[in-house]
Amino acid sequence: MSDGPVISLADVTKVYHMLAEDVVALDHVSLDIAHGDFIAIMGPSGSGKSTLLNQIGCLDKPTSGDVLINGRSIRQMNDNELTDMRRDTIGYIFQTFNLIPLLTAYENVEYPIILRDKTRAEREKILGLLQTVGIDEALAHHTPSELSGGQQQRIAIARALVNNPDILLCDEPTGNLDSKTGTQIMEMLRTFNEQGKTIIMVTHDTRIAGYAQRTITIQDGRIR
Amino acid sequence: MAGDIFVSLAFRSVRLHLLRSLLAALGIVIGVVAITTLGIMGANLTLSITAQLSSSGNVIMISPYSGGGRGFGGGGGAEGTNLNITQSQLQEIERVVGANQVIPIYSSSDRITVGPNVGRASILGLKPDTVQDILVVTDGTFLKGGDGALVGPTLAADFSLKVGSRIKLGTDSNSTKSVRVVGILQSAGFGGGLSTDRAIVVTDTWYTANYGESGQYQSVNVIASDISQIGTIENNTAKALNRNAKLPAVRISDSGQFLNTISTTIGSLTSFVTMLGAISLVVAAVSIFNVMIMSVSERVKEIGILRSIGTRKSEIRKMFLYEAIIIGFIGAFIGAVLSIVSGYLTVIAIVGNTAYFFTPASMIYIPQGMVIGIATCVLSGVYPAWRAADLDPIEALRAE
Ligand SMILES: Nc1ncnc2c1ncn2[C@@H]1O[C@H](COP(=O)(O)OP(=O)(O)OP(=O)(O)O)[C@@H](O)[C@H]1O
Ligand SMILES: [Mg+2]
């Protein structure tokens with residue numbers, strides 16, 4: 001891997017064309033994130049935090065400017081390449097957990113491996129990973145609707161980690177959890193960061209932001 | 001193994017919305033049953049009629065040419081028009097056909113009275129020894145003479161006729177014309193070029209004594225001993241009897257021509273009825289389409305999740321197409337099983353003969369119906385699947 005930044009935003013602007021007016025969600029944002037960084041993004045509602053995360057997460061393309069992930073420009077990528085980037089290089093953790101309702105906890109974690117390798121995963125690997133995030137084998141065969149929010153978020157983290165991505169993106173990962181569970185989740189994220197994952201996390205909570213090495217504040221689509 | 005997870009997701013979606021999926025499958029069931037049953041019925045009808053007709057494929061039928069207008073020639077004889085075949089024409093036929101058997105036929109139809117029941121039947125007058133050659137008696141004896149008569153099985157059943165029954169003939173209620181049943185004929189369909197199932201067969205002597213017209217036959221059948229000679233015999237007969245091409249005396253036909261006409265008629269009938277079946281498949285397609293669109297719009301959030309964690313568009317499409325295929329298979333399979341039942345019942349009801357039901361020509365309609373049913377499902381799933389795959393992942397994630 002090169003020594004350059006894992007993620008590099010160069011003059012990224014994102015404009016949503018609405019009927020009444022154009023909404024500038026990101027306004028000429030430039031940002032470099034190094035390998036192993038743990039960054040918190042803060043800012044008022046509607047300031048563009050999720051939009052920023054979506055650009056890094058290859059879910060969206062900027063209106064102008066460019067995002068480089070491991071040196072590759074996402075503007076140059078087609079839909080399949082962006083999709084494979086999300087599958088192999090990026091782990092996404094959402095405020096609302098977003099597990100696949102039709103699959104069990106075990107299958108949710110196994111799913112990205114099947115997508116990538118086109119074959120079933122080793123049982124020990126999945127169960128081991130679930131163990132790491134604090135889900136035992138009995139819970140592994142429940143579907144998301146049968147689990148608590150904290151349990152679902154643990155499974156979502158295991159799913160985000162299963163393909164061993166370089167980057168973890170978390171959009172308010174503790175937003176739907178009580179503070180005790182939130183703390184447990186944050187301790188876990190800190191451990192993964194110490195093991196070398198680059199983490200970018202959106203939060204409203206300064207206490208949660210305290211887990212990060214660096215906090216970026218964004219307002220009206222601009223980094224302050 | 002590769003597409004496994006999408007098949008499994010599709011199965012789970014079908015199971016989660018079982019009622020909805022089964023209702024959609026029901027449309028396919030109805031469509032498959034309709035086209036399969038109708039196809040089987042048509043095939044069995046064609047097969048059984050063909051078999052009946054080709055058993056009499058060696059018969060040449062000669063009847064008077066009635067197209068030229070009556071009594072035009074006035075002189076009778078070999079030339080000119082006539083409503084009957086004359087004795088001299090018969091002799092001419094016997095001369096040109098050589099050793100092949102010639103059967104002159106008297107025929108007409110009359111009112112019949114059996115006890116309190118009144119109806120109509122055709123009366124055939126034949127030489128007693130020819131009767132033995134071309135007809136089969138299942139009950140009783142052949143004609144011996146006098147007022148003895150053979151009756152066809154359909155007529156016998158309709159009027160509860162038994163050996164010994166008496167049938168009064170004629171419109172006049174005081175009529176003294178009557179025959180005594182001496183035998184019941186085997187069902188022949190169109191055997192020997194004669195329709196005997198609803199007929200009364202009497203001796204030529206009794207016929208001419210009661211209906212007159214001795215030596216004036218309504219038709220003459222020639223039975224070719226070698227089926228390949230039919231063309232030659234027909235040509236020779238035509239040359240001898242229809243010397244004036246503009247004014248032919250007789251019409252010559254064989255059951256082969258008849259066979260073609262009937263097959264064509266059944267064929268077009270079957271394809272018309274099959275079209276009705278196709279309409280029910282269109283209705284089924286609409287309902288599958290509807291279910292698939294519902295499935296997509298209910299699962300927008302899920303599609304967003306799948307896309308956001310690295311599922312390609314093509315994989316989303318596959319997942320929804322599998323769902324359509326699963327619904328199609330369920331419908332087609334149930335439809336196929338029901339088609340065997342309804343096909344069998346329809347064949348019994350309409351054809352009355354299930355001898356050809358399990359032949360390949362008839363059974364082929366089952367896999368064919370299934371394939372059409374599944375194809376309908378897949379086609380109606382294509383657009384919803386594309387729509388699902390083309391959703392914007394961020395928009396989709398925001399759903400609910
Ligand atoms: N798909 C979209 N279409 C139109 N406008 C959008 C869209 N997504 C975001 N926006 C607008 O862009 C701006 C930034 O939105 P974004 O979701 O990034 O905010 P945020 O900082 O994540 O807010 P919150 O803290 O409430 O999650 C907002 O004004 C929002 O209305
Ligand atoms: Mg947000």
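FYI, it's all coordinate maths here, none of it is from the lab. All values reported here derive from a predicted model rather than from experimental measurement. Heads up, the Cβs are rebuilt from the backbone with ideal geometry, glycines too, and the neighbour counts pull from every protein chain shown.
For the reader, a short list of remarks on this structure follows.
- Chain B - percent relative contact order, Cα under 8 Å, separation 6 or more: 30
- Computed [θ] at 222 nm, helices only, for chain A once each DSSP H run of length n ≥ 4 contributes -39500 (n - 2.57): -10000 deg cm²/dmol
- Taking amide H as placed 1.01 Å from N in the peptide plane, the amide H of A:ASP32 sits under 5 Å from that of A:LEU9, each at least 5 places away or on another chain.
- Built amide H within the under 5 Å cut-off of A:ARG222, gap 5+: A:ASP27
- Nearest-ten-degree value, helix B:313-346 long axis tilted from longest Cα axis of chain B: 30
- For chain B: span of alpha carbons on each principal axis (Å, largest first): 98, 50, 36
- Mean silhouette area of region A:24-122, derived from the convex hull of its C-alpha atoms and averaged over all directions, reads 8.2 nm².
- Extension gain (nm, one decimal) between B:SER88 and B:ALA51, 0.36 nm per residue minus Cα-Cα: 9.8 nm
- Per-residue [θ]222 nm for chain B (sum of -39500 (n - 2.57) over DSSP H runs n ≥ 4, rounded to 500): -18000 deg cm²/dmol
- Take the Cα of A:LYS125, step 7 Å toward its Cβ, do the same at A:ASN80, and the gap between the two points is 2.3 nm.
- For region B:59-253, the percent of C-alpha pairs falling in each 5 Å distance bin, counted from 0 to the bin holding the largest distance, reads 1, 8, 16, 18, 17, 14, 11, 8, 4, 1, 0.
- Computed from label points 7 Å out along Cα-Cβ, the spacing between B:LYS239 and B:ARG95 is 1.4 nm.
- Amide H contacts under 5 Å for A:MET201: A:ILE39, A:ALA40, A:ILE41, A:CYS170, restricted to partners 5 or more places along the chain or on a different chain, H placed in the peptide plane at 1.01 Å from N.
- C-alpha long axis of helix B:230-241 to longest principal axis of chain B, angle in °: 40
- Relative contact order, percent, region B:59-253 [alpha-carbon distance under 8 Å, six or more residues apart]: 35
- Degrees between helix B:18-54 axis and first principal axis of chain B (Cα, 0 to 90, nearest 10): 20
- Across every pair of non-identical alpha carbons in the protein assembly as shown, the mean reciprocal distance, once inverted, gives a Kirkwood radius of 32.0 Å.
- Phi-based couplings in Hz for region A:159-164 (Karplus 6.51, -1.76, 1.60; Gly and Pro marked x): 5, 5, 8, 5, 8, 6
- Exceedance of the 19 Å cut-off in Cα-Cα distance is limited, within the set A:LYS61/B:LYS318; A:LYS197/B:LYS313; A:LYS118/B:LYS313; A:LYS61/B:LYS313; A:LYS118/B:LYS318, to A:LYS61/B:LYS318; A:LYS197/B:LYS313.
- Bridgeable lysines around B:LYS144 (alpha carbons under 30 Å apart, same-chain partners fewer than 8 residues away excluded): B:LYS127, B:LYS162, B:LYS168, B:LYS177.
- Derived scalar couplings between HN and Hα for region B:159-170 equal 10, 6, 7, 10, 4, x, 4, 10, 10, 8, 10, x Hz in order, rounded to whole Hz, by the Karplus curve 6.51 cos²θ - 1.76 cosθ + 1.60 (θ = phi - 60°), x for Gly and Pro.
- Restricting region B:315-400 to chymotrypsin sites (Phe, Trp or Tyr not before Pro) that sit in a DSSP loop and have at most 12 other Cβ atoms within 10 Å of their own Cβ leaves B:PHE358.
- Residues of region A:67-85 with amide N under 18 Å of the 7 Å Cα→Cβ point at A:ASP32: A:67-74
- Longest site-free stretch - chain B; sites: trypsin sites (Lys or Arg not before Pro), DSSP loop, at most 10 other Cβ within 10 Å: B:247-400
- What the phi angles of region B:276-285 give under the Karplus curve with 6.51, -1.76 and 1.60, with θ = phi - 60°, is a coupling list of 4, x, 4, 4, 5, 5, 4, 4, 4, 4 Hz, glycine and proline written as x.
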